[in-house]
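J.: Have a look at this one before I ask anything.
The values are calculated or read from the model by the stated rules, or taken from the named source; none is laboratory data. These numbers come from a predicted model, not from an experiment. Methodologically, a virtual Cβ is constructed for each residue, glycine included, from the backbone with ideal geometry; neighbour enumeration extends over all protein chains shown.
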Amino acid sequence: MCSLQLFGIDLFQFEDFTMLAIRFTLNLIATSFVVLLYARISRRKEFYFSYIAISVAVFLLVFLLENVKLELGFALGLFAIFGIIRYRTDTIPPKEMTYLFVIIAVSVINALSKDFIGLADLVLVDALIIGTMWILEKVLMIRQEDSLQVIYENIENVHKDNEAELLKDLTRRTGIKIKRYEINKIDFLRDVAQITIFFDVNGPKKKEV
């Protein structure tokens, strides 16, 4: 193995550096494709940064510590740790958790497979993962559903016989193509109702109510 040494200390190992650079680039490309696919069907931009940062951190952590022989339990532990993450703002929705799982899986595969498969095989594996995600999103048209709570003051429309008027009024006020709604609470003293509306994330942009 070619290396550059100073006072007997390895400063630069050409073979290891080349392998790291190639696999890191491949992992970054694969991760970027997954994030771009997610970005096309979701408006939750706060996850873009998290997915890329987690991918880079997991890849480097697994790649650089692979020689420590932590075995498969180390990789599985990463899934367990990130699988139970709950950010302080909101609980991660199931679809975002699925993409997080895929990001971690791609990073672990790209980091730990250097002794088992070649680069061409690794490119094929990444392509299969990305292709599967594309099929699920585009071909099967699996859409992400989001919700929004509103305080509605036109209490006359909160009636079984006025459902059409209620949906029309909520759509006009919010600009959202509403799929369904739930009436959570009715306050007859204040003449207001708390309503949760549900819509596709890739539908019209929601407005503040």
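J.: Looking only at segment 128-154, filter to residues that are in a helix (DSSP H, G or I) and out of contact with any helix residue (DSSP H, G or I) (no Cβ under 8 Å at 6 or more places or on another chain); which one of those is modelled with the lowest pLDDT?
T.: Checking each candidate, the answer is 139.
J.: Also, I was wondering about something else. Can you tell me which of 42, 55 is modelled with pLDDT of 85 or more and in the same structural domain as residue 108 (by TED's automatic domain parsing)?
T.: 55
J.: Among the residues of segment 164-175, are any assigned to a helix (DSSP H, G or I) and closer than 29 Å to residue 36 by Cβ?
T.: Among the residues of segment 164-175, at least one is assigned to a helix (DSSP H, G or I) and closer than 29 Å to residue 36 by Cβ, which makes the answer yes.
J.: Right, here's the next one. Here is a check on your reading of the model: is residue 163 modelled with pLDDT of 85 or more and loosely packed, with under 12 Cβ neighbours inside 10 Å?
T.: no
J.: Moving on to the next point. Within segment 22-52, restricting attention to residues that are assigned to a helix (DSSP H, G or I) and basic (Lys, Arg), which residue is farthest from residue 99 (Cα to Cα)?
T.: Out of the qualifying residues, it is 23.
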